[in-house]
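Below: one structure, written as structure tokens.
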Amino acid sequence: MKSATRASRLTAVTGCLVAAGVTLLAGASAGPAAAQTRPAKTHAATPTPAPAPAADIPAELAVPDGNRQIAVLDAQGVQTYTCADGAWTLLEPAATLWKKGDSLRRTIALHSRGPVWVSTVDGSAVNAAAVANAPKADTIPQLLLKANAHRGTGVFAGVSYIQRLDTKGGVAPAGPCTGDATEQVSVPYSATYVFYEATAAAS
């Protein structure tokens, strides 16, 4: 009796193992087929983003019709003032510029006395003079500048207007100064510079 019982148990266990093996084999063979029936993932083409919008632009800084935006660059640097006749007078700006939205802030232009903007990519440059301003509290004013000289054949060669927007900091120290022109102070500032060029119809 005991032998028969053991034999029946062995047969039952063997049957379970065989069944499990069949199930596993079936699942394994079905795996690739199932994977083949899954719809292939599609990757939609990512459109090239347009230049990032600048800050709200005051009406007095609007660029005349016949010009189109070609670049939006963020900037960080200093406004340096010198003592002249007892008052702080702007001597020069100095800033590095990078493409708006670039988290690495890779420098692609430099801003300095002139004022002038020079591309570190192609060497082109543009000088400009302010033609309108929009004061802001506790910061240097926002500006509209018109180009008056160019150099090179790169990105800045055709610039017609520049807007200085979203300014922060850079204000001269309060009160009079007591030294001479050798007394200088540099005040940190940041801004967004928007560059325009004349359209074909306006050129």
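Listing for the model above:
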{"read-out": "Cross-link partners of K136 among aspartates and glutamates (Cα-Cα below 19 Å; sequence separation of 8 or more within a chain)", "value": "D56, E60, D74, D166"}
{"read-out": "Kirkwood Rh in Å, taken over region 48-203 so that all alpha-carbon pairs contribute", "value": "16.3"}
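Any read-out appearing in this document is the output of simple, stated calculations on the displayed coordinates, not a laboratory observation. Only a predicted model underlies this, so the values are computations on that prediction, with no experimental measurement involved.
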